[in-house]
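The values are calculated or read from the model by the stated rules, or taken from the named source; none is laboratory data. Bear in mind that the values here come from a model prediction, so they are computed numbers and not experimental data. Backbone-built Cβ (ideal geometry, glycine too); neighbour counts: all protein chains shown. Note: accessible area is taken over every heavy atom of the protein model, side chains too, but ligands, DNA and RNA are not part of it. Shrake-Rupley method; radii C 1.70, N 1.55, O 1.52, S 1.80 Å.
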2 protein chains.
Amino acid sequence: MKIALAGIGKIALDQHVPAIAASPDWELAATISRHGRVDGVEAFTGITDMLAARPDIATVSLCLPPVPRFEVAQAVLQAGRNLMLEKPPGATLAEVHILQDMAHAKGVSLYATWHSRMAHAVAAARAWLAGKTIHEGRIIWREDVRKWHPGQDWIFEAGGMGVFDPGINALSILTEILPQPVHLTGADLDFPDNRQAPIAARLSLSGNITADLDFRQEGPQTWDMEFQTDAGRLALRMGGNLLEVDGEPSGGADSIMGEYPALYARMAELVQQGQSECDLSPMVLVSDAFTLGRRMTVEPFEF
Amino acid sequence: MKIALAGIGKIALDQHVPAIAASPDWELAATISRHGRVDGVEAFTGITDMLAARPDIATVSLCLPPVPRFEVAQAVLQAGRNLMLEKPPGATLAEVHILQDMAHAKGVSLYATWHSRMAHAVAAARAWLAGKTIHEGRIIWREDVRKWHPGQDWIFEAGGMGVFDPGINALSILTEILPQPVHLTGADLDFPDNRQAPIAARLSLSGNITADLDFRQEGPQTWDMEFQTDAGRLALRMGGNLLEVDGEPSGGADSIMGEYPALYARMAELVQQGQSECDLSPMVLVSDAFTLGRRMTVEPFEF
């Protein structure tokens, strides 16, 4: 099946393009990007031109930042094409609700992806936690924004999400593996004095779960979550890719390269079955953190 | 039908108690409040005591501030009672999703009320706008927090919503009367230097609609919305109670005293029919404003 990819930046080149190239389901038939392109693939600079010129491309995947995404997403659905969205699926919840309604009305597939849910050990963690009682949970998600988003000022603009750009990956795993729904009970958000999005956040969630998110960690990076249950301890490390039970390794793989291939396989399945998948629960927790959170001002941040 | 009222503060005494007293459907059978009480009505200080002592009361109405509301709401539903919520229905979206699931599982009625939707001219405005094209909309919602919430510091705490406490009333009307769903495209939020919730906000919404919310207006108070359409101008004044078409009065009533009686009549209907009503779209727009909005610091505020 032919697919077009919009937003040819770092994440597209690192993850989406190789995943599509390796996929038995998909052929990259066009790109849409102001500056980026992929060798040997027809390049457009605007979504409208692509949709008009290539009626043979039934599916479009967007890896644009959240703020400009909605107009492109709407154009894709309006043209009756299937739509796959990088996380988070929009800058606001209300706009994603509108996309859900449009996809339903047009009878096309909408897939709001959460790549971290495809990490190697997530399904095993979900299965292990099923039916157990969690006494305590701890998420530690600390990475270096300079390494992963070099010079990407949009991430600290209003709507850019700041530390929730990686943090929502943790929340997407959490909402996938917990046996019970979770809600936010409190949050402290650290805003650099010169920025409009938080650089760190400490969340309290129901069920005695906390999350420590930080974008300022140099040296070794940490993407861990740990749960104390009535039947032992579970830990997910490396962003959901490695599993530990009671301190012993219990499966997974030390690589994130399986996530995007799994997303494109799932998109193929959804398109073939005429279905949609759009779980907004990770995004709801982030919105709730912005709504309920206390704001602290911390020192200015420059890349 | 017997009903209990939790949270006996200003809004309970000004609106809920008189509305229940005047209702042909309801009898106020108990109150739950740390300090407040209503003459001649059995008074409890905790929800657990009331639920245990009064199995004859099948419905509970909450007019607590958003942050402490969830635990009480959960206890009510867990005990298999019908639940009516003052707006906003919770401090977070995730907790209201949990309440929706609980009410469904318990087979009881959940009603997330929006009192401004019951204002005299809202239904007429909705009917007039149906099928018309809106070129521009303008909401001006300016009131004096010292007059309406004297000394209520919780409103400026994290989760207290600040100016969105009244502003969500405007958004509840907007989402009720528009022929199309609306989403937020930008927001500027003014946070007093000594407070954790905004005292003013300027919102941009899809369809060329803006909202100017301010909690600092002394003198005459303004709760207006105006729409330019392909078939004339519509204005709602006095918080949705007065209608104007092309500048001429066109119905409504200069009083807000009909709103709460209408809410209790609707709750009676929902309970009798075994149904729920829980539209979160006004709350989604507020969460989106906190998520997407730019934060400005303005001068400190004291009551």
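Computed quantities for the displayed model
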{"item": "Cβ-placed point charges (K, R +1; D, E -1), dipole of region A:164-298 about Cα centre in debye, nearest 20", "result": "380"}
{"item": "Hypothetical label at A:THR297: residues of region A:193-233 whose amide nitrogen lies under 11 Å (7 Å Cα-Cβ projection)", "result": "A:193-195"}
{"item": "Principal axis dimensions, largest first and in whole angstrom, of region A:104-148 by Cα", "result": "44, 40, 18"}
{"item": "Within chain A: Cβ-based charge dipole about Cα centre, in debye rounded to nearest 20 (Lys, Arg +1; Asp, Glu -1)", "result": "420"}
{"item": "Translational diffusion of region A:2-112, µm² s⁻¹ [Kirkwood Rh, Cα pairs; Stokes-Einstein; 25 °C; 0.890 mPa s]", "result": "178"}
{"item": "Inter-chain shielding of A:180-191 (mean C-beta neighbours from other protein chains, 10 Å cut-off)", "result": "4"}
{"item": "Distribution of pairwise C-alpha distances over the protein assembly as shown, 10 Å bins, in %", "result": "3, 16, 24, 26, 19, 9, 2, 0, 0"}
{"item": "Chain B, Cα convex hull volume normalised per residue, Å³", "result": "129"}
{"item": "Counted charge near A:ASP288, where neighbours are those whose Cβ lies closer than 12 Å (Asp, Glu -1; Lys, Arg +1)", "result": "-2"}
{"item": "Rounded to the nearest 20 debye, dipole of the protein assembly as shown from Cβ charges on Lys, Arg, Asp, Glu", "result": "520"}
{"item": "Chain-alone versus full-assembly comparison, region B:280-303, residues with accessible loss of at least 40 Å² (1.4 Å probe)", "result": "B:VAL284, B:ASP288, B:PHE290, B:THR291, B:LEU292, B:ARG295"}
{"item": "Within 10 Å of each Cβ in B:87-95, the average number of Cβ atoms from other chains", "result": "6"}
{"item": "Chain A: most fluctuating residue of A:GLY293, A:GLY131, A:GLY186 per GNM, C-alpha cutoff 10 Å", "result": "A:GLY131"}
{"item": "Whole-number accessible area per residue in Å² for the protein assembly as shown, which is evaluated in the context of all protein chains at 1.4 Å", "result": "40"}
{"item": "Computed E for B:ASP56/B:TRP148 - FRET, C-beta separation, R0 25 angstrom, nearest 0.05", "result": "0.10"}
{"item": "Relative contact order [Cα under 8 Å, 6+ residues apart], region A:2-112, whole percent", "result": "23"}
{"item": "Region A:267-303 and region A:186-239: distance between their alpha carbon centers, rounded to Å", "result": "15"}
{"item": "Label-point separation, B:GLN78 to B:GLU136 (7 Å along Cα→Cβ), nm", "result": "5.3"}
{"item": "Choice from B:HIS16, B:HIS104, B:HIS115 with maximal GNM fluctuation in chain B (Cα, 10 Å cutoff)", "result": "B:HIS104"}
{"item": "Distances in nm from A:GLN272 to the matching label points in the other copies, shortest first (labels 7 Å along Cα to Cβ)", "result": "5.3"}
{"item": "Computed label-point distance, nm, for sites A:ASP254 and A:GLN221 using a 7 Å Cα→Cβ extension", "result": "1.5"}
{"item": "Residue among B:ARG142, B:ARG233, B:ARG81 with the largest mean-square fluctuation in a Gaussian network model of chain B, springs linking Cα atoms under 10 Å", "result": "B:ARG233"}
{"item": "Percent of beta bridges antiparallel (DSSP, the protein assembly as shown, rounded to nearest 5)", "result": "50"}
{"item": "Rounded, prolate or oblate (a/c below 1.5 giving rounded, otherwise prolate when a/b exceeds b/c) for region B:186-250 by Cα gyration tensor", "result": "oblate"}
{"item": "Size of region B:54-168 as Cα extents on the principal axes (Å, biggest first)", "result": "50, 40, 26"}
{"item": "Farthest positive-ward along the protein assembly as shown dipole, Cα basis, beta-carbon charges - from B:LEU171, B:GLN100, A:PRO192", "result": "B:GLN100"}
{"item": "Label-reachable residues, region A:43-68, where backbone N falls under 19 Å from a point 7 Å from A:ASP14's Cα toward its Cβ", "result": "A:62-67"}
{"item": "Pairwise Cα inverse-distance average, inverted: Kirkwood Rh of region B:125-168 (Å)", "result": "13.1"}
{"item": "For chain A: relative contact order, % (alpha-carbon pairs under 8 angstrom, 6 or more apart)", "result": "20"}
